[in-house]
Each structure stands twice: as structure tokens, then as C-alpha cells.
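Have a look at the structure below before the remarks.
The values are calculated or read from the model by the stated rules, or taken from the named source; none is laboratory data. The structure displayed is predicted, hence computed values, not measured ones. Quick reminder, even Gly has a Cβ in these numbers, built from the backbone with ideal geometry, and neighbours come from all protein chains shown. In case anyone asks, the SASA skips ligands and DNA or RNA and just uses the protein heavy atoms, side chains included. Shrake-Rupley method; radii C 1.70, N 1.55, O 1.52, S 1.80 Å.
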Amino acid sequence: VVTWAVYGILPLLFCSYLCFFALARPATGVLERKFPDWPPLQHTMAVGIVYGAGVSVALLVLLEPNTVLRFCFLLVIGMSTGLGNWFFYRRLTLPPPEQTS
């Protein structure tokens, strides 16, 4: 727990912040231009996966896991961080969908 608190949280925050601006925001524009007919949830999922993959790769490079269990743990942490942050960001920035009655 102490090792994760010292060596895990700071790289996670750094990687998340970096990947948000380097991957997620540009990927949004690219996907919206290339696939305009996709529904918003599909765009959000695709960008969240790109964001999570970037965080995962950065964590794997920074923390250099030496077992398969640690590798899988970092992969899950990175993907869930990317998807969760992107869903939260999109929830805060997109207007609510209009409901027809």
C-alpha cells in the first residue's frame, strides 16, 4: 500500500493529465470528423479507450512491472482511469440530451 501510494498515485496523475491533452482531446476531433454518424456514446467510448490505453502504456513504462499480475493490475488501473475520467469530463461538458414528449 505504501509503495502504491508513493510510486503509483503521482505517476497516475501525471500520466492522466498528459494523456488527456495529448491523446483524448485530439482524438475527439479526429473521430468526429472521420465518423460523424456514430452516436455520442460510441464516440465517448472510443476516446475513453484511447485515453485509457495511453495512461496504461505510460504507467507500464514508468513503473516497469516485473510480473504478469502487476502488468494486468497497471493495465486495469490505466484503462479504468482513462474511461472514468473521460466519461466524467464528457458528462460535465456536454449539454444534456433533449427529451421529446
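Relative to the longest principal axis of the Cα atoms of the chain, the long axis of helix 40-63 makes an angle of roughly 10 degrees.
Set against the labelled values (1) 30, 14, 11; (2) 23, 17, 15; (3) 26, 14, 11, semi-axes √(5λ) of the Cα gyration tensor in Å computed from this structure falls on (1). Relative contact order, whole percent, for the chain stands at 31, derived from Cα pairs under 8 Å and 6 or more residues apart.
Counting heavy atoms of the protein chains alone, Thr28 has an accessible area of about 20 Å² for a 1.4 Å probe. Measure nothing but the geometry: give the 0 to 90° angle between the long axis through the Cα atoms of 9-19 and the longest principal axis through the Cα atoms of the chain, rounded to 10°. So the helix axis and the longest Cα principal axis differ by about 40 degrees. Surface exposure of the chain, expressed per residue as accessible area with a 1.4 Å probe, stands at 71 Å².
Label-point separation (nm) for Tyr17 and Leu60, each offset 7 Å from Cα along Cα-to-Cβ? Here the answer is 2.5 nm between the modelled labels.
The C-alpha atoms of the chain define a longest principal axis, and helix 25-34 lies at about 40 degrees to it.
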